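As structure tokens, the structure follows; a few thoughts come after it.
The values are calculated or read from the model by the stated rules, or taken from the named source; none is laboratory data. As the structure is a prediction and not an experimental result, all values here were calculated from the model. Neighbour counts are summed over all protein chains in view; Cβ atoms, including those assigned to glycine, are modelled from backbone coordinates with ideal geometry.
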Amino acid sequence: MGNMKPWPFELSNILAAAAQDHQLEIADLLVAYLQIIGVEYVFGVPGGAIEPLFNALARSERRGGPRAVVARHEAGAAFMADGYARETGKLGVCCATSGPGATNLITGVACAHDNGMPVLAITGQPALPSFGKRALQESACTGINTLGMFRHCTRFNSLVSHPEQAEPKLITAIVKAMRSRGAAHLTYPVDVLRTPLDAQHHITDINALIRKRGLLDDEAVREAAQLLKQTGRVVFMIGGGCADSMPQIMKLVELLDAQFVSTPDGKGLVNPSHHAYYGVFGFAGHTSAAALLAGNPDLVVVLGTNLGEWTSGAWSSLVLNNRLIHIDSSDDHLMRSPMARLHVRGRIFTVCERLIELLQPVCYARANKIDAQLDPERFMAEPDKYESDATPIKPQRLMRELTRRFPASTRFVADAGNSTAWAVHYLTHDDRRVQTLERRQSREERRTEAQSDRRSENANWLRVIMDFAPMGWAIGAAVGIAQGQPECPVVCLTGDGSYLMSGQEITVAAEQGLTVIFVILNDAAYGMVKHGQRLAGAESIGWQLPKADYRKLAESLGVPGHVIESPDDFDKIDFDAILNRKGPTLLDIRIDGEEVPPMSLRMQTLGSVAEPKEGAA
């Protein structure tokens, strides 16, 4: 320590505490930087090449710093880091050993990257002198080149080959992940991680480097304000990237007496009982949303979405036209709407604040009312099945029961496949949730910018996965969300196919004492595959799964479970006990597997069926 130049004060304190009982290593420096930016957990699976990092985490945990959460599979660790980042707005961190540990991590890292989640993946390597000698699980350029593999699914990807690189490359990886909203990857030879910490270090305040900036194109904002002033009918489309800007967006809706829809991943940000809301546009969406956009509004203001397949209604001309104003901080997103009348680049929060300033003197807001008569059921394709008492239980009715049985603070996470389709179309929330959401948004509007950054994702009551959508994502993500916000229950909606892939992660929730309710839509099938083949007139192949009692599987792992075959079975379960329990619960729901999920948009994109009307589910 004597040869080191001073670190920033906070880093010096952390390392000084760590140095009291151990010779500091590069791995300790890595963990100290995670502590400075507020990271509480590193999700991973241990192994020889990553052992120094786990040693540093063990020492950190004793001091009250970041600690390890051990997943059962490396992909699950990456999904957990993804969920943690969504819930907290912080960096999600996952780690794995070399070779197969690193390759197992890739699916989850790719998912986070493609969905714009800030995740740092850390992998190990054999010691540098063993490179090229066929060391066990060698995965550098002379072995199975995992560094090369990660290059395709990260914003920054590097081998830390010398101790002097450790700090600058770590800083770069963190900043790239946080500022560019994607994944970063660092791989460390084990001897580098073990290197005594005696090099010089120069970095200043990393939190200043990753803080969200309020930059915007003011000329474009003024042009947008002018267009909005001169326009009659305005429709807003709210995407999943609007979490920290919802009070401002709703203020604009009121000022302009506008209507609004959401993308599938934006549904959890809005109040479905609002008088101006017309439902979800895109995958598993509502005809009311498509009809609103088909009614020739003068302007469509799209915020916080990449306009991919599921969020644009399969690139529908109802959105992608010259009436579009596209607002986003990402150039990649803006490039997907070249036909737009106007692009406004900047942080959505800042753009909306500026628009309010420009519009408020000339626009007159109507009361922000909640009309109890506007039941969200008005959007549903089959509201009769939402109320059905049939056995086996209709998936539509299951969504109704989940709405009724869980409190306003619940975070719902829907897995890839039918779970997403049913949740996007039918899952809603009751008045208590609406009121709580509005109060929370009002409080957050009064917070300082730094504080609101910490809780930027908390208003999202439903999280679904877009774009790169691996089965089993929700299982790990639910654990990460619960770690990030342990005071709130998390409900994971997943299919039996996904659970058979990744269900072992339920033991992590048990080990960590997390209130996660795993709801398995059990139809003994890969449901979207089965229904997709039927709709397309394709061969019926490969969708069958064994009939299994997942309650017994959970109980064998020490997790309480219940089988639900009809709506009446819900009344036999003590949900208060489930919600007060510090640990997971599994609900094995025997759903009617013949119910076809609202998936026609996906079939249209695949060219498997005749094209439906634009914007339909």
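The table that follows gives values for the structure above.
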{"item": "Residues of the range 535-555 classified as among the hydrophobic types (A, V, I, L, M, F, W, C), closer than 24 Å to Ile393 by Cβ and part of a loop (DSSP other than H, G, I, E, B), total", "result": "3"}
{"item": "Tally, over the range 48-99, of residues that are on the phi > 0 side of the Ramachandran plot and more than 14 Å from the chain's Cα centre (by Cα)", "result": "2"}
{"item": "Residue among Pro272, Pro247 that is of a type outside the set (Gly, Ala, Ser), part of a loop (DSSP other than H, G, I, E, B), touching a Ser or Thr at 6+ places or on another chain (Cβ under 9 Å) and closer than 30 Å to Val300 by Cβ", "result": "Pro272"}
{"item": "Some residue of the range 35-49 being aliphatic (A, V, I, L, M) and surrounded by 24 or more Cβ atoms within 10 Å (Cβ to Cβ)", "result": "yes"}
{"item": "Of the criteria (1) in contact with a strand residue (DSSP E or B) (Cβ under 8 Å, 6 or more places away or on another chain); (2) farther than 17 Å from Ala548 by Cα, which one Gly497 fails", "result": "(2)"}
{"item": "Subset of the range 493-534 (residues that are of a type in the set (Ser, Thr, Tyr) and either over 14 Å from Ala414 (Cβ atoms) or not in a strand (DSSP E or B) (or both))", "result": "Ser498, Tyr499, Ser502, Thr507, Thr515, Tyr526"}
{"item": "Wholly within the range 42-127, helices (runs of 4 or more DSSP H) carrying at least 2 residues that are farther than 17 Å from Ser158 by Cβ and charged (D, E, K, R)", "result": "51-62, 74-88"}
{"item": "Selection within the range 384-416 - among the aromatic types (Phe, Trp, Tyr) and either within 19 Å of Leu579 (Cβ to Cβ) or part of a loop (DSSP other than H, G, I, E, B) (or both)", "result": "Phe406, Phe412"}
{"item": "Residue count, the range 554-595 (criterion: over 21 Å from Ala408 (Cβ atoms), buried (at least 18 other Cβ atoms within 10 Å of the Cβ) and among the aliphatic types (A, V, I, L, M))", "result": "6"}
{"item": "Trp310 being buried (at least 24 other Cβ atoms within 10 Å of the Cβ) and either among the hydroxyl-bearing types (Ser, Thr, Tyr) or part of a loop (DSSP other than H, G, I, E, B) (or both)", "result": "yes"}
{"item": "Any hit, the range 222-232, residues being free of Cβ contacts under 8 Å to residues at least 60 places away in the same chain and acidic (Asp, Glu)", "result": "no"}
{"item": "Single condition Ala58 does not satisfy, out of (1) farther than 30 Å from Gly240 by Cα; (2) crowded, with 20+ Cβ neighbours inside 10 Å; (3) without any contact (Cβ under 8 Å) to a residue 60 or more places away in the chain", "result": "(2)"}
{"item": "Test: residue in the range 79-92 that is in contact (Cβ under 8 Å) with a residue 12 or more places away in the chain, under 24 Å from Asp205 (Cα atoms) and of a type in the set (Phe, Trp, Tyr)", "result": "yes"}
{"item": "Which numbered condition Leu303 fails, given (1) at pLDDT below 95; (2) on the phi < 0 side of the Ramachandran plot", "result": "(1)"}
{"item": "Complete set of residues in the range 486-541 that are surrounded by fewer than 21 Cβ atoms within 10 Å (Cβ to Cβ), closer than 13 Å to Met471 by Cβ and β-branched (Val, Ile, Thr)", "result": "Val529"}
{"item": "In the range 159-184, the residues that are outside any helix (DSSP H, G or I) and over 21 Å from Gly116 (Cβ atoms)", "result": "Leu159, Val160, Ser161, His162"}
{"item": "Among residues of the range 558-578, those that are in contact (Cβ under 8 Å) with a residue 40 or more places away in the chain and in contact with a Gly (Cβ under 9 Å, 6 or more places away or on another chain), counted", "result": "2"}
{"item": "Candidate set from the range 110-139 (those that are touching a strand residue (DSSP E or B) at 6+ places or on another chain (Cβ under 6 Å) and surrounded by fewer than 21 Cβ atoms within 10 Å (Cβ to Cβ)); member that is modelled with the lowest pLDDT", "result": "Leu128"}
{"item": "Output for the range 136-157, where each listed residue is in a loop (DSSP other than H, G, I, E, B) and more than 18 Å from Thr172 (Cα to Cα)", "result": "Leu136, Gln137, Glu138, Ser139, Ala140, Cys141, Thr142, Gly143, Ile144, Asn145"}
{"item": "Residue match in the range 14-30 (condition: at pLDDT 95 or above and of a type in the set (Gly, Ala, Ser))", "result": "yes"}
{"item": "Residue match in the range 185-206 (condition: of a type outside the set (A, V, I, L, M), more than 23 Å from Thr97 (Cβ to Cβ), part of a helix (DSSP H, G or I) and touching a residue at least 40 places away in the same chain (Cβ under 8 Å))", "result": "no"}
{"item": "Among the residues listed as Ala469, Ala450, Ala482, the single one being modelled with pLDDT under 95, under 19 Å from the mean Cα position of the chain (by Cα) and small (Gly, Ala, Ser)", "result": "Ala469"}
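Every residue, every condition in (1) crowded, with 24+ Cβ neighbours inside 10 Å; (2) more than 18 Å from Thr350 (Cα to Cα); (3) modelled with pLDDT of 95 or more, yes or no:
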{"residue": "Asp217", "(1), (2), (3)": "no, no, no"}
{"residue": "Lys229", "(1), (2), (3)": "no, yes, no"}
{"residue": "Phe260", "(1), (2), (3)": "yes, yes, yes"}
{"residue": "His275", "(1), (2), (3)": "no, yes, no"}
{"residue": "Phe283", "(1), (2), (3)": "yes, yes, no"}
